[in-house]
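This report concerns only the one structure given below.
Taken together, the values in this text are just the output of simple stated rules run on the coordinates, not laboratory data. What you see is a predicted model; the values in this text were computed from it and never measured. Reconstructed Cβ throughout: ideal geometry from the backbone, glycine too, with neighbour counts over all protein chains shown.
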Amino acid sequence: MRCTRCGVEEAAMKTVRPRSGGASPFQLCDGCYPALRRWVWIIPGHVTVTARCDACLEFVNPREIVPETLRPAGWKEAYGGTCRMCAQEEA
């Protein structure tokens with residue numbers, strides 16, 4: 001996905017629309033969202049993104065997966081890897 005404001009690419013971003021209405025939904029990265037949060041609503045996007053931890057088997061937001069371990073898992077279009085909680089326990 002590509003941020004509409006700054007152009008950065010990430011696997012998952014917030015889909016938003018202006019609170020004033022009228023405009024089409026667009027994507028914002030975590031860096032751009034805080035500056036615009038007063039003027040947009042977060043809405044459901046076209047795709048739901050989830051990840052599953054290989055250690056505890058919990059489903060989490062992909063941002064909770066340690067970046068070095070994040071990978072497409074091929075299971076129901078989810079990502080896989082090790083969540084931050086399990087990585088802390090292993091360390």
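So here's what we get for this one:
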| read-out | value |
| --- | --- |
| Cα centroid of region 29-86 to Cα centroid of region 4-18, whole Å | 14 Å |
| Column: log10 I(q)/I(0), Debye, Cα scatterers of region 51-90, q = 0.15, 0.16, 0.26, 0.34 Å⁻¹ | -0.25, -0.29, -0.75, -1.22 |
| Global geometry of the chain, whether rounded, prolate or oblate, following the gyration tensor of its Cα atoms and the 1.5 cut on a/c | prolate |
| Share antiparallel - DSSP beta bridges, region 51-90, percent rounded to 5 | 60 percent |
| Contact order relative to length of the chain, as percent, for alpha carbon pairs under 8 angstrom and 6 or more apart | 20 percent |
| Global form of region 1-47, assessed from the alpha-carbon gyration tensor, a/c cut-off 1.5 | oblate |
| Potential extension, residue 17-residue 91 segment - 0.36 nm per residue separation minus Cα distance | 22.6 nm |
| Magnitude of the charge dipole, region 51-90, Cβ model with Lys/Arg +1 and Asp/Glu -1, debye to 20 | 180 debye |
| Cβ-placed point charges (K, R +1; D, E -1), dipole of the chain about Cα centre in debye, nearest 20 | 680 debye |
| FRET efficiency, residue 4 to residue 58 (Cβ-Cβ, R0 25 Å, nearest 0.05) | 0.20 |
